[in-house]
Amino acid sequence: MIEFPINLHNLHHFKRDGEQFVADLDAGVVIPVNEVVCDILNACSVSETDVIIDTLADKHGSRSVVFEALVFLSKLSEIGILFSMDQPEIEPSPCGERPKIFLTAGVLENRKTASFLLNAATHHLLTTLANRADLYLPLSETDNNRQEIKDSLRAEGVQPIFFRNDRSFSSAKFIPQDCDGILALAPLTVGEQVFLKFNRHPVILRLSNETLMRHEARNTILERCAALRNFDAFACDASWTQTFFSDFVPDLDVFHHVPYGVDTSVFRPMDKTKCKHQLSQALGNAAISQKPLVGIVSGLPSHETFHFLRKLRFANPEFNWLVIHSTLEDNFTGDGCVNFFNIASLQDKEASPFIFNALDALVFPTILGSSPLLLLEIVACGIPTVVWGYAEPEEIAGACRFIQISPTLFDPVDVPVESISREIRSLFKTPDEQKHLGQKGLEAVSTYTWEETIQRILCLFGDLQNRKTRQSTSGRHRLLFRKHYNSVCGEIEAEAFVLSKVPTPVDMEQAIAMTLLEEHTPMAVKTVLESICKEPERAEKILENLV
């Protein structure tokens, strides 16, 4: 029998006079098909044979009709119709038995729009992960700069898998059976979302807080939450991401804090006087050395950043300010009191430790849009920090002064300028507190190594694999929904039964959940149940008994 997943030719589905057809544009033939064959073709490039059989047997009421369709497709495959047997070259691992992790192709596309800081962090993550696992990335053969891409990925320790580019050719064919999981380092494309439904491997979606400045990105996360299976998860680079989404998703267990690492041999305390002098010369601003210098990581859109800075500067004329960023438009200049440091190149990155050490304090927001990597690297230089936002960051808990604001879906964010000003002035009046916070920050950040980051990812894949094996494997039930007249109360009532030799009545809400679970994830079903039940606890209890 034909084995799936398998790649398809360039196919076109159409209907004529009530019948369905598939045109194989590569082979130049038109094949009449039924609904079962259509369903198989829709799933065969991304799912295994036994998964397709189980799923479609439930849908069409019989395994025999699915087997009959598979026999039909097998005969077409033998004569070169519908299916492609092309195979890419996959080099064997030189390191023996190691975890195998499949990367989604969106990581390369994301590099074109992501900030330099985020791209540098992703590069570091991949090169470190490649020391512990075999990494595979599927790519289209039509890329004009194939050799350049290949050399770049090899430098990161990633093995590219090039395959023919056509709309029916799926990279899922090349996921090894013994794959430990799929890692998405960029938001999933529409095509890649099939990984969340049809494959049997755990999926970890890397969630960068920096990308969540836009509402479109936040809505995308809410959509992804509903699509996650019990053995999928988000790996958040910021601890406060969960705090924001806590009011909007039914289960926070899908979020896991996996911060980026910090190279503390590079980001470390240095001679502050010398660093201030170097920064003063670089900016051509002698005032840098004359007043305390406060670093600002805004996390806000450009127009809100400037509004925030005007208010902060007006309230605190005794300070100099340095805005540190990697995402704002680079179309502005500073003045005597406000300066900007844009980390947009390797040269900027190499200068960062000296710039950070010139600071006397840092103001950092734990809101969507702020880079946690900047927080860790600046704190690693021994800089005392005032934090405002949704939650005190777990990364440096107890090593900062924190100002609470409430998470909101609406713009603009209500920035507590008065409270920030008060905390900064108080901090500069107590040198012992500055020293204490700086030391506590160094102790906290010392635990965030790149090796620890990779260990968290591999452990998370292991936990998700265990969760997959523990999930219920019980057979699906056939259900009957009907209405009947209750002569006692004189009303029409609805009821549900599990069909068997002796039909068994079942609670209506539970029956709805059982039906929805055949096509949807527990997260999505929980959202529906909460809407129906109006009781989150009841919805959770129903799912506990079913999943």
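General observations
- Shape category assigned to segment 415-547 from the gyration tensor of Cα positions, a/c cut at 1.5: oblate
- Cα gyration tensor, segment 1-123 - rounded (a/c under 1.5), prolate or oblate: prolate
- The chain: angle of helix 146-156 to the longest principal axis, Cα-based, in degrees nearest 10: 70 degrees
- In this structure the chain gives 47 Å² per residue of accessible area when probed at 1.4 Å with all protein chains present.
- Measuring how big segment 288-398 is from its alpha-carbon positions, Rg and Dmax come out at 13.2, 37 Å.
- Sorting 255-263, 302-310 by their mean Cβ neighbour count within 10 Å, with the most densely packed peptide first, gives 255-263, 302-310.
- Cα-Cα P(r), segment 419-464, percent of pairs per 10 Å interval: 23, 27, 21, 19, 10
- Per-residue ellipticity at 222 nm, computed for the chain from helices alone with -39500 (n - 2.57) per DSSP H run of at least four residues, works out to -12000 deg cm²/dmol.
- With every protein chain in place, the chain: carbon and sulfur % of accessible area (1.4 Å): 51 percent
- R98 - accessible surface, heavy atoms, 1.4 Å probe, Å² rounded to 10: 50 Å²
- Assigned charges on the beta-carbon of Lys, Arg, Asp, Glu; the chain dipole about Cα centre (debye): 840 debye
- Three-way shape call for segment 351-391 based on the alpha-carbon gyration tensor, with the a/c threshold at 1.5: prolate
- Given charges at Cβ of Lys, Arg, Asp, Glu: segment 423-547 dipole, positive-most of C489, T453, A539: T453
- Accessible surface, 1.4 Å probe, highest first, among residues E109, E452, E377: E109, E452, E377
The values are calculated or read from the model by the stated rules, or taken from the named source; none is laboratory data. Everything quoted here is computed from the prediction, not taken from an experiment. Quick reminder, even Gly has a Cβ in these numbers, built from the backbone with ideal geometry, and neighbours come from all protein chains shown. Side chains are part of the model used for accessible areas, which takes the heavy atoms of the whole protein and leaves out ligands, DNA and RNA. Shrake-Rupley method; radii C 1.70, N 1.55, O 1.52, S 1.80 Å.
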